[in-house]
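The values are calculated or read from the model by the stated rules, or taken from the named source; none is laboratory data. Keep in mind that what you see is a predicted model, and the values were worked out from it rather than measured. Cβ atoms come from the backbone with ideal geometry, glycine included; neighbour counts cover every protein chain shown.
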Amino acid sequence: MSSGSGQKIVCVLYDDPVAGFPPDYARQGIPALSQYPDGQTLPSPSSVDFTPGHLLGSVSGGLGLAPFLKSRGHEFIVTSDKDGPDSVFERELVDADVVISQPFWPAYLTAERIEKAPNLKMAITAGIGSDHVDLQAAINRGITVAEVTWCNSISVAEHAVMQMLALVRDYIPQYGWVMRGGWNIADAASRSYDIEGMDVGVVAAGRIGLAVLKRMKPFDVNLHYTDRHRLPADVEAELGATFHPTVESLVSVCDVVSIHCPLHPETEDMFNDELIGKMKRGSYIVNTARGKICNQDAIVRALESGQLAGYAGDVWFPQPAPNDHPWRSMPNHAMTPHTSGTSLSAQARYAAGVREILECWFDGRPIREEYLIVQGGALAGTGAHSYSEGDATGGSEEAARFTAS
Ligand code: NAD
């Protein structure tokens, strides 16, 4: 634990909207939730200095942390310039105590960067998924890694369901006909199916995967899942979901597979040529977990050959994806940039969660167990449940190739 004032907090956030900050908001606010689905309480900092529903994840939003950090006497640097050795992030890192980063615009904390940051004591993920940190290096250095468990799990589950339907019903090309001014029904219908009756499976039934299963049940599909932790028997029975001990077994029976495990050495490159070859011809994959769980070139090959009928998701590697990233132009995809977990609704929860973590840190109080990924030189909390030791940041320097258009 750490305390006192005068700490340096470096926060990497995505750029403000092209048309300026703040944007025009479409709605007046967001619903107030009382608790998460498993009963976990929402983030509970002493107070917040932002309006829930406002844009907090871009540089000018600053996660609403500036007044709080200033009042406590800390230095707060916010930047979007995160890639390459001359980036603001790399310059400011050298004497940073705490780094905050969002998975949507990840500040890759590789072993080399950790090496350059002798004061670094904590890396906070403003969101869920801390694979952008070399967890092995954090373990070795005794750095605490924490994230805001649950903050956007339902946001992602909603996005995954949307993308499953978009793929199976072939929504994006149909929308294209409307925009182009045609009425080509035969073309628009030629790849469109009902999801009813299909076999739909999730890889991992943690917070997001289970929420996807629950949301897909009313579509009258056959549900499947694999996970290294089996769901309680009553939950399985209520869903009518079939457990598969291996991902190979799951993919061999499914028409649609949605991926919801974290990225760690066990899951990196899981969907390679070999595994995709075991899927039914004409299957769909939705990946809102992490880009690197799927082999980039194998996905392109499978879409081109027809082994996959479609691929969607919102996670890429690296991020931001360079403009020549093959997933931008491969056939039959319905990709979004990494947005599922950064809806305005989710931002309010993870901004409050980051503040809760910081308050605990400064005051020497324990951070919630479920927020912990690494602590005290070992995987801890959610990290111990859902990750394996090791590093999944390899190749992240490629992010420097991105140029904004
Ligand atoms: P969670 O910890 O509740 O669930 C993760 C599940 O994965 C656990 O049940 C765990 O047992 C399982 N798992 C781990 N390794 C596995 C393996 N090798 N095979 C099968 N199952 C395995 O986490 P969550 O809230 O459900 O989030 C899951 C992941 O989704 C995050 O780690 C992150 O990578 C991703 N995510 C993406 C976004 C987004 O904006 N796209 C937002 C939030 C989370």
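Quick notes on this structure:
- Of all residues in region 107-130 being closer than 12 Å to residue 374 by Cβ and crowded, with 24+ Cβ neighbours inside 10 Å, the one that is farthest from the chain's Cα centre (by Cα): 122
- Considering region 238-255, and only residues there that are among the hydrophobic types (A, V, I, L, M, F, W, C) and either touching a Pro at 6+ places or on another chain (Cβ under 6 Å) or more than 14 Å from the ligand (Cβ to nearest atom) (or both), the residue that is farthest from residue 284 (Cα to Cα) turns out to be 239.
- Restricting region 130-146 to residues that are of a type outside the set (A, V, I, L, M, F, W, C) and under 18 Å from residue 356 (Cα atoms), the residue that is farthest from the ligand (Cβ to nearest atom): 144
- Hey, residue 63 out of contact with any strand residue (DSSP E or B) (no Cβ under 6 Å at 6 or more places or on another chain), surrounded by 13 or more Cβ atoms within 10 Å (Cβ to Cβ) and closer than 26 Å to residue 364 by Cα or not: yes
- Cβ-Cβ under 8 Å pairs, at least 6 apart or on other chains, region 264-278 side under 22 Å from residue 304 (Cα atoms) and touching a residue at least 12 places away in the same chain (Cβ under 8 Å), far side within 15 Å of the ligand (Cβ to nearest atom) and of a type in the set (Lys, Arg): 269/292
- Residue match in region 289-301 (condition: buried (at least 22 other Cβ atoms within 10 Å of the Cβ) and either away from the ligand (no atom under 15 Å from the Cβ) or modelled with pLDDT under 95 (or both)): yes
- Tally, over region 202-237, of residues that are more than 12 Å from the ligand (Cβ to nearest atom) and of a type in the set (Gly, Ala, Ser): 2
- Taking the listed residues 17, 85, 22, the one that is away from the ligand (no atom under 16 Å from the Cβ), surrounded by fewer than 16 Cβ atoms within 10 Å (Cβ to Cβ) and modelled with pLDDT under 95 is 85, with no other qualifying.
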